[in-house]
Amino acid sequence: MSESVGPISGKADREKCWGARDNYWNCLSRHEEKLGKEKATEKCAELRKPYESFCSKTWVKHFDRRREYLKFRAKVESGENPLPEEKEFKISGYKPESS
């Protein structure tokens, strides 16, 4: 992981951070649907470097979580179930008590 910048001191620093974040997020958005999350992350790795160097670690963590939340919310609002399908839970050798 890249070294994080010191405190973001002004508007110009914030704009650099936000621009790097937006470039990285746009790359992920373009590639995730076709390639999946893991491959898209690999493909966009070069854009993550400036994102991590222009933004503080806490901002990167916040923005990454926010992106996942926004994707989740969009699925909910579209009526899609964003949660994985429930699978029947079985414990090997377990037999429920009869009533």
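The values are calculated or read from the model by the stated rules, or taken from the named source; none is laboratory data. This structure is a prediction, so every number in the text was calculated from the model and none was measured. All Cβ positions, even for glycine, are placed from backbone atoms using ideal geometry, and neighbour counts span all protein chains on display. Just so you know, the surface numbers come from the protein's heavy atoms only, side chains and all, with ligands and any DNA or RNA stripped out. Shrake-Rupley method; radii C 1.70, N 1.55, O 1.52, S 1.80 Å.
A crude spin-label estimate for the pair Ser78 and Asp13, with each label 7 Å from Cα along the Cβ direction, gives 3.7 nm.
With a 1.4 Å probe and every protein chain kept in, tell me what percent of the accessible surface of the range 1-81 is carbon plus sulfur.
Numbers: 3060 of 5890 Å².
That share works out to 52 percent.
Proximity of backbone amide H atoms, modeled 1.01 Å from N, is registered between Cys55 and Val5 at under 5 Å, excluding neighbours fewer than 5 places apart on the same chain. For the cross-link pairs Lys34/Lys71; Lys16/Lys61; Lys16/Lys39; Lys34/Lys75; Lys11/Lys43; Lys11/Lys37, the ones whose C-alpha atoms lie over 20 Å apart are Lys16/Lys39; Lys11/Lys43; Lys11/Lys37.
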